[in-house]
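Peer 1: Take a look at this one; I'll ask things after.
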Amino acid sequence: MSASKTETAENPQFYLEEDHHPENSTNLGFWLYLMSDCLIFAILFATYAVVGRNYAAGPSPADLFDLPLVALNTAMLLFSSITYGFAMLQMERGAKAETLFWLGVTGVFGLAFLGIELYEFSHLLHEGAGPQRSAFLSAFFTLVGTHGLHVTFGIIWLVTLMVQVSKHGLIPENRRRLMCLSMFWHFLDVIWIGVFSVVYLMGVLG
């Protein structure tokens with residue numbers, strides 16, 4: 001028996017640490033990705049704060065935004081976060097079918113959020129309030145559109161994981177991927193609460 005095999009046999013802790021290394025690396029890498037995303041959104045929020053009142057004699061947030069519709073859209077995303085939490089609870093129980101069910105419900109809420117956002121964008125464009133109309137609208141479309149692209153990516157990721165879980169079950173690799181998507185999905189919730197508060201609520205009531 002080689003020295004490395006002897007060390008592993010005599011020291012089980014060595015084996016466990018070696019076995020968990022990929023998971024720790026994955027979590028660290030994903031946290032680094034989320035931090036980079038935080039920087040991107042921080043720049044977009046800062047840009048909006050600087051130019052968000054430059055209307056160029058055009059419409060202001062109070063003229064354009066429909067707060068009840070935006071509140072409904074916010075509820076869709078918050079509900080999706082809750083249902084994803086239910087999926088994670090079922091994953092911990094090892095219940096494959098229930099996990100897939102709640103992931104599917106999460107995807108439906110996510111699609112509803114995107115549908116309402118696309119409706120809002122199309123309405124603004126129909127009213128002549130496109131991103132080229134003013135610095136305010138350019139910053140608005142960039143910030144909200146970037147968040148929407150992230151949600152779109154999250155839904156694609158969600159569907160991919162549902163296929164993986166259907167084929168291979170709740171194996172450790174799929175559990176780790178579901179945990180990463182959970183962090184990403186809740187991160188998008190936090191960003192959207194900032195968007196709702198700074199862009200929509202303060203824009204209409206400020």
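Peer 1: Can you find a residue in the range 128-147 that is assigned to a helix (DSSP H, G or I), exposed (fewer than 15 other Cβ atoms within 10 Å of the Cβ) and without any contact (Cβ under 8 Å) to a residue 24 or more places away in the chain?
Peer 2: no
Peer 1: Counting only residues that are among the hydrophobic types (A, V, I, L, M, F, W, C) and outside any helix (DSSP H, G or I), how many does the range 90-102 have?
Peer 2: Just the residues of the range 90-102 that are among the hydrophobic types (A, V, I, L, M, F, W, C), to begin with: 91, 95, 97, 100-102.
This time we only want the ones that are outside any helix (DSSP H, G or I), so: 95.
Matching residues across the range 90-102 total 1.
Peer 1: Right, GLY148: in contact with a helix residue (DSSP H, G or I) (Cβ under 6 Å, 6 or more places away or on another chain), under 28 Å from ALA57 (Cα atoms) and at pLDDT 95 or above or not?
Peer 2: yes
Peer 1: Could you list, in sequence order, the residues of the range 148-174 that are without any contact (Cβ under 8 Å) to a residue 24 or more places away in the chain and within 22 Å of VAL198 (Cβ to Cβ)?
Peer 2: The answer is LEU149, and nothing else.
Peer 1: Suppose the filter is of a type in the set (Phe, Trp, Tyr), within 19 Å of ILE82 (Cα to Cα) and open to solvent by 40 Å² or more (accessible area, probe 1.4 Å); does TRP192 pass it?
Peer 2: No; evaluated as a whole, the condition is false for this residue.
Peer 1: Out of all the residues in the range 52-89, which are open to solvent by 30 Å² or more (accessible area, probe 1.4 Å) and not in a helix (DSSP H, G or I)?
Peer 2: ARG53, ASN54, TYR55, ALA56, ALA57, PRO59, ASP66
Peer 1: Step by step: first the residues of the range 105-120, then only those that are surrounded by 15 or more Cβ atoms within 10 Å (Cβ to Cβ) and not aliphatic (A, V, I, L, M), then the one that is farthest from ILE155 (Cα to Cα). Which residue is that?
Peer 2: GLU120
Peer 1: Among the residues of the range 152-166, are any outside any helix (DSSP H, G or I), out of contact with any Ser or Thr (no Cβ under 8 Å at 6 or more places or on another chain) and open to solvent by 40 Å² or more (accessible area, probe 1.4 Å)?
Peer 2: From the range 152-166, those outside any helix (DSSP H, G or I) are none; that's our starting set.
No: zero hits.
The values are calculated or read from the model by the stated rules, or taken from the named source; none is laboratory data. Remember, it's a predicted structure, so these values are computed and weren't measured experimentally. Cβ atoms come from the backbone with ideal geometry, glycine included; neighbour counts cover every protein chain shown. Each accessible area value is taken on the protein alone, full model and side chains, heavy atoms only, with ligands, DNA and RNA left out. Shrake-Rupley method; radii C 1.70, N 1.55, O 1.52, S 1.80 Å.
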